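Taking it in order: structure first as structure tokens, then the write-up.
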């Protein structure tokens, strides 16, 4: 099971690193939202704001590097939590066809929080 955890941790870290860097360098094609006008509008607003993508992208890069190196892993899991919740909600409400990568991030994040619960126990007592 330890090898599965390592593979999941590194896979999620690489995924976060790539998507985070893409918010700065745009080396991947833009998302295609098709008929989901609300998703396209919100995505464009995030892009045009000049604020949201650098914030989210920077956090994704930092968390991805922390996942890959396993440094400050419990803190990285907490930092990823609001991102994963918002990405799932964005897709659930505005773009359900593309929800599976978001669900992967959220499920793996919650799985690792569960596996590391002793680090968080004092936060909810």
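The values are calculated or read from the model by the stated rules, or taken from the named source; none is laboratory data. On a predicted model such as this, the values are computed, not experimentally measured, just so you know. Heads up, the Cβs are rebuilt from the backbone with ideal geometry, glycines too, and the neighbour counts pull from every protein chain shown.
Looking across 70, 23, one residue alone is within 21 Å of residue 91 (Cα to Cα) and touching a helix residue (DSSP H, G or I) at 6+ places or on another chain (Cβ under 8 Å). It is 23.
Within the option set 12, 81, being crowded, with 17+ Cβ neighbours inside 10 Å, touching a helix residue (DSSP H, G or I) at 6+ places or on another chain (Cβ under 9 Å) and within 28 Å of residue 122 (Cα to Cα) holds for one residue only, 12.
Of all the numbered requirements in (1) farther than 19 Å from residue 110 by Cα; (2) out of contact with any helix residue (DSSP H, G or I) (no Cβ under 8 Å at 6 or more places or on another chain), residue 6 misses one, and that requirement is (1).
Do we have any residue at all in region 80-102 that's farther than 26 Å from residue 30 by Cβ and either part of a helix (DSSP H, G or I) or at pLDDT 95 or above (or both)? Yes, region 80-102 has at least one match. Within region 31-40, if we keep just the residues that are on the phi < 0 side of the Ramachandran plot and in contact with a helix residue (DSSP H, G or I) (Cβ under 8 Å, 6 or more places away or on another chain), the residue that is modelled with the lowest pLDDT turns out to be 31. Residues in region 60-90 that are farther than 21 Å from residue 6 by Cα and in contact (Cβ under 8 Å) with a residue 24 or more places away in the chain: 2 in all.
Would you mind finding the one in 20, 64 that is closer than 22 Å to residue 115 by Cβ, surrounded by 15 or more Cβ atoms within 10 Å (Cβ to Cβ) and at pLDDT 95 or above?
Details: 20 fails: closer than 22 Å to residue 115 by Cβ.
Testing whether each residue is closer than 22 Å to residue 115 by Cβ, surrounded by 15 or more Cβ atoms within 10 Å (Cβ to Cβ) and at pLDDT 95 or above leaves just 64.
Could you check region 111-125 and list, in sequence order, the residues that are in contact (Cβ under 8 Å) with a residue 24 or more places away in the chain and assigned to a helix (DSSP H, G or I)?
Of all residues in region 111-125, those in contact (Cβ under 8 Å) with a residue 24 or more places away in the chain come to 111-113, 115-116, 119-120.
Of everything in region 111-125, those that are in contact (Cβ under 8 Å) with a residue 24 or more places away in the chain and assigned to a helix (DSSP H, G or I) turn out to be 111, 112, 113, 115, 119.
Within region 23-68, the set of residues being assigned to a loop (DSSP other than H, G, I, E, B) and within 16 Å of the chain's Cα centre (by Cα) comprises just one member, 31.
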